[in-house]
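Have a look at the structure below, then the notes.
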Amino acid sequence: MLPGFTDEGYLPPADYELTLDELRDSTLVVGPSNGYPNWDRGWREQLVDNLSMLLDQLWQVGIEEIFVDGSFVEDKEHPNDIDGYFVCDMIELATGRLQTQFNLLDPYKVWTWDPTTRRPYRGYPKKQLPMWHVYRVEMYPHVGQFSGIRDKYGNDLEFPSAFRLSRRDGQPRGIIKIVKGGQP
């Protein structure tokens, strides 16, 4: 299903389509067969459970192009979170209708990307969005805008490009495209 990690600790560069059930059964959750004695399977399972709640909300409003990455798709034994993005309609996002639809579904009303809603979390240098504080997952809308992440030459990157590069060293890496099929 998924190839092993590269020597640098990344999935080989590609888009890997997985259902939620396939993700749960993948090496990203259960761990590689050897060489990772401290692989935190329980934490990774919890992250996927949290992700599944957000996926359900995305699917309910018709979003189907959903990608996840971050340290979760690297060989980090205890990733901080799951990062991701989804492709959506610019008008729905710009008018706030999309955010409203999400927050009608979410019991914690965490769907916002307003920087003023970011709060600190002990031990982390970066302030986090409400979604992160509740789910330890951050999902960003993509309509063709820049991500706020730059490549090694200082060029602004859109989410599809930014999320396919490691934040550690800018090396290309694989990303997971979540497809419907498993139980959210």
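Read-outs throughout are calculated quantities, based only on the coordinates presented, and are distinct from any laboratory measurement. None of the values given here were measured: they were computed from a predicted structure. Cβ sites come from the backbone with ideal geometry, for glycine too, and all protein chains shown count toward neighbours.
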task: For the chain, find the longest principal axis of its Cα atoms and tell me its angle to the long axis of helix 41-60, 0 to 90°, nearest 10.
output: 30
- request: Please tell me the relative contact order of the chain in percent, rounded to the nearest whole number, where contacts are Cα pairs under 8 Å and at least six residues apart.
  value: 31
query: Ratio of Rg to Rh for the stretch 33-165, alpha carbon only, Kirkwood?
result: 0.97
- line: Here, chymotrypsin sites (Phe, Trp or Tyr not before Pro) of the stretch 111-160 satisfying both criteria (DSSP loop; at most 16 other Cβ within 10 Å) are TRP113, TYR121, TYR153
Eligible lysines near LYS127 by straight Cα distance, threshold 24 Å, same-chain separation 8 or greater: LYS76, LYS109, LYS152
Sites ARG150 and ALA14, calculated FRET efficiency, Cβ-Cβ separation with R0 30 Å, nearest 0.05: 0.85
- prompt: Can you give me the relative contact order of the stretch 109-173 as a percent, contacts being Cα pairs under 8 Å and 6 or more apart?
  reply: 18
